[in-house]
1. Kindly express, to the nearest 10 degrees and within the range 0 to 90, the angle between helix B:314-328's C-alpha long axis and the longest C-alpha principal axis of chain B.
2. Taking 7 Å along the Cα-to-C-beta vector as the label spot, tell me the B:ASN351-A:GLU235 distance in nanometres, rounded to one decimal.
3. Suppose each label sits 7 Å from its Cα in the direction of the beta carbon; what would the A:ASN338-B:LYS316 distance come out to in nanometres?
4. Cut-off 10 angstrom, C-alpha nodes, Gaussian network model of chain A. Which of A:ALA254, A:ALA111, A:ALA364 fluctuates the most?
5. Can you give the Rg to Rh ratio of the range A:3-174, both from alpha-carbon atoms, with Rh computed by the Kirkwood formula?
6. Have a look at A:PRO183, A:PRO273, A:PRO61 and tell me which one the Gaussian network model of chain A (Cα, springs below 10 Å) gives the largest fluctuation.
7. Taking 0.36 nm per residue of sequence separation and subtracting the Cα-Cα distance, how much length would be gained by fully extending the chain between A:LYS119 and A:ASN367, in nm to one decimal?
8. With a 10 Å radius around each residue's Cβ, average the other Cβ atoms per peptide and rank A:299-311, B:30-42, B:140-152, highest first.
2 protein chains.
Amino acid sequence: MSLVVQKYGGTSVADIERIRNVAKRVASTYDRGDDVVVILSAMAGVTDNLIQMAHEVTSSPERRELDVLLATGEQTTSALLAMMLQSMKYPAQSLLGYQAEVITDCSFGNARIVDIGAKRIKALLKDRNIVVVAGFQGCDPNGNITTLGRGGSDTSAVAIAATLKADVCEIYTDVDGVYTADPNICKKARKIDKISYDEMLNMASLGAKVLQIRSVGFAKKYNVPVHVRSSFNEEEGTMVVNENFGMEALIVTAVTHDKDQARITLKKVPDQPGVAEKIFSPIAESGIIVDMIIQNTRAGGQTDLTFTVPKADFAKALEIEAKIAKEIGAEDVFGDKNIAKVSVIGVGMKNHSGVATTMFGALARANINIMMISTSEIRISCVIEENYTELAVRVLHTAFGLDKEE
Amino acid sequence: MSLVVQKYGGTSVADIERIRNVAKRVASTYDRGDDVVVILSAMAGVTDNLIQMAHEVTSSPERRELDVLLATGEQTTSALLAMMLQSMKYPAQSLLGYQAEVITDCSFGNARIVDIGAKRIKALLKDRNIVVVAGFQGCDPNGNITTLGRGGSDTSAVAIAATLKADVCEIYTDVDGVYTADPNICKKARKIDKISYDEMLNMASLGAKVLQIRSVGFAKKYNVPVHVRSSFNEEEGTMVVNENFGMEALIVTAVTHDKDQARITLKKVPDQPGVAEKIFSPIAESGIIVDMIIQNTRAGGQTDLTFTVPKADFAKALEIEAKIAKEIGAEDVFGDKNIAKVSVIGVGMKNHSGVATTMFGALARANINIMMISTSEIRISCVIEENYTELAVRVLHTAFGLDKEE
């Protein structure tokens, strides 16, 4: 007998018929003799509709109240699934975030889980109930409703699985698992059977579409085996686990791309101590996340500094830097929205040299110019011209031997 | 400075624009220097939609889960109003049933309030916040969400007003107040300025359209002055108060009618001890509410017994009684759905004789046959043929001097 935590995303509970499908899956797990805790998202589109409604009220809805509003989405699906299971004669009960004691900090809209009591979950499981927990929501120590940010239900699921020491946390979604590249771009992309937490963490752009990246950090910290799979078929999906599992001897596990990038360059920045802080602290203060930073030293005590930001923040960042440039005496500021980032990711890199060479060579042979490079222990990323994104993904996928057999 | 509890019904918060209108009303009360607690219903139609959704899942949704589902309606409007007030720069916070410590029994779907803690409400008021409380919902001692039944937001409002010892509980709705008769039927109906709790309690059929009857019992018990008024204009509505307020010297305050009645007669019932129990306990056990009961003694140790039930329960009640009739040896069972009940209500009756005579005479002059009569201290009700309902209301309204001046 196992303890299984199953999380179903918005497309899996998009309407009553799909909730019925989820109920059947849950029931068949329960019939196997397993204990089941189900974590649910809101119906697909509902959270966006609620946000839209809040924006009809005011352009900047207060975050505490927005969380109260958004929490209704998961409350709805949880009640409906519990009802559905009961109508099928299964003992089931729904629990909201505060009832499951998902205690978070007070950061409304993007709260962090600090503790999960789970007394009621455990008591219900002991009596062989199916427990349905509303995902995405928790409560702060004062009893206010909080939400965990986009995709927060994944984090709810992994955190509850960690608390209960579940045997597996199954994340049900509308895709079959994690792929070696985006299958829409790369027809030869293969489903990955096993992937390490670290690789998954590095796949933000690709992986985040199937699994909230924060939840992976949680899974890694508490060593929760995560199974990403489809709720629309019976196929095994992708296991996200610790890397000491005898992984396939691949150097690179996946190729990812991210078009949501824009580049800003400050030219001829006086090369003085403290200048980088002056450039980046106003950016950070306005909540813009900087990804890559490259600094080239020039002659004459000057340097060129280039960094990337999300496309949505490009105009704001450029405006901020135009002001900064004047203050610090940089010669010019310019930017470029037509860029993309392609990355190769793999824990195998740790023990292999020549990965960078292979990557640069493959891009060069396809006449793709590399604008910026950044590396981590298990990832190499290149910024290229946006037009070349799909081509780059395909040539890298082939170059690292990831293409599926014809 | 007063403490004002304001409750806004579903039509008053039916969309964002109407919520904006509510926010303006609340703000103007606050600006007057009063403390304000607002109780909200769900948007008009939302509760019905949620029930509909539950019935797509199963014909008999489990009541605990149905309450979890239904509670989202008031959660939504409360968050939206709090946001709206904040966007208008008023300090406001929403509280759900459990956050406002509205403690109920465990009767899901029709819970009774047993206690209101209101610690958070009081703390928020102390800091001059506008407190927005989700109506209709509470929680049982185990922390499960409960709902208070149809129109339960009125009871939420009155109970919270009683707990806070509010100066007034304003019930905002889409009509101007309580009328001497249904204005759709009786063009000469007048708005009642003041009405006693007892009269209001006796006006279930007419009054319940503007105020949940249970809330009136609560108001009476705790002596909460209730002001029923429209959220769409600035007119004074109807005050529901204790009767020792120097009321107008009217004998009859209102004429009500109720078409939701059906009549069942058991003919030649053996007149033995215990027979009434045999007839009525299976009806009660199946949850059907019997209104009037009339028993006529016949010669020969037999009796005819007639009673009324809601039209929706007619078929079921008839079926039950057909079985009972055989068991107890009654000669026949028959029923009639084409009946209605008209009533005259007034605390003035206590000190006046001749009210019944006036009523029967007025109906007789209009050639309306009286099938059943029942009386209480402040009410006389007659069951008549349904077709005559409107006519009966009008002649009674005139007979008791209730018509407004032309």
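No lab work stands behind these numbers, since they all come straight from the coordinates. Predicted model only: the values in this text are computed from it and were never measured. Here Cβ is always computed from backbone atoms with ideal geometry, including for glycine, and neighbour counts include all displayed protein chains.
1. 40
2. With each label point 7 Å from Cα toward Cβ, the separation is 8.5 nm.
3. 7.1
4. Checking each option, the largest mean-square fluctuation is seen for A:ALA364.
5. Details: Rg = 15.2 Å, Rh = 15.7 Å.
Value, to two decimals: 0.96.
6. Maximum among the listed residues: A:PRO273.
7. 83.3 nm
8. B:30-42, B:140-152, A:299-311
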